[in-house]
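**Q** Provided herewith is a single structure, encoded as structure tokens, for subsequent inquiry.
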Amino acid sequence: MENAKTIAKGVIPDTHVEHVSVAAVLHDAVEDHPDKVTFKKLVEDGFSDLSIDTIRRLTKMPGETPEEYIERIAGSVYAVIGKLADLKDNTDITRLKGVTEKDFKRMQKYHGMWVYLNKVLVEYINGTRDINSWSKKEK
């Protein structure tokens, strides 16, 4: 996903950019095909712990509130970058055949998420959030 790579450039180590790109794509597969694409299967297929963690954070869980979901994403710079890229794709109205009231409401929701996550990303960049917090779990 090119949007993820663009957002990630200069924020996280180049070696981790692919993890974000993979997670940005695969979280949709986990959400849309839970019978075929599972976290267990991703582990078995050899995806890294970082990729799996980012995919988990990006995947909306059943029964989860929007606040719980967004805060889980905010806990990882990798997930923040992936979600910002996902939101950029999801808010591209040129992909729609027409724009309905439902689309406008969804855009408002996505815009609120984008504003919040963009602030979180700035905190990571400015060092007011620990950008290396995931690496403590990585070892």
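**Q** Within the group GLU44, GLU67, which residue is closer than 27 Å to ASN118 by Cβ and of a type in the set (Asp, Glu)?
**A** Numbers: GLU44 fails: closer than 27 Å to ASN118 by Cβ.
Being closer than 27 Å to ASN118 by Cβ and of a type in the set (Asp, Glu) holds for just one of GLU44, GLU67, which is GLU67.
**Q** Between residues in region 119-131 that are surrounded by fewer than 11 Cβ atoms within 10 Å (Cβ to Cβ) and residues that are hydrophobic (A, V, I, L, M, F, W, C), which pairs lie under 9 Å by C-beta distance while being six or more apart or on different chains?
**A** Hits for this filter: THR128/VAL122.
**Q** Please count how many residues of region 92-134 are more than 20 Å from LEU58 (Cβ to Cβ) and not in a helix (DSSP H, G or I).
**A** 7
**Q** Given the structure, is ILE73 closer than 18 Å to HIS19 by Cα, among the hydrophobic types (A, V, I, L, M, F, W, C) and either in contact with a helix residue (DSSP H, G or I) (Cβ under 9 Å, 6 or more places away or on another chain) or modelled with pLDDT of 90 or more (or both)?
**A** On the way: closer than 18 Å to HIS19 by Cα: yes; among the hydrophobic types (A, V, I, L, M, F, W, C): yes; either in contact with a helix residue (DSSP H, G or I) (Cβ under 9 Å, 6 or more places away or on another chain) or modelled with pLDDT of 90 or more (or both): yes.
In short, yes.
**Q** Restricting to region 42-94, name every residue that is in contact with a Ser or Thr (Cβ under 6 Å, 6 or more places away or on another chain), within 18 Å of GLU123 (Cα to Cα) and without any contact (Cβ under 8 Å) to a residue 60 or more places away in the chain.
**A** ALA79
The values are calculated or read from the model by the stated rules, or taken from the named source; none is laboratory data. Fair warning: this is a prediction, and the values are worked out from it, not measured in the lab. No Cβ is skipped: glycine too gets one built from the backbone with ideal geometry, and neighbour counts run over all protein chains shown.
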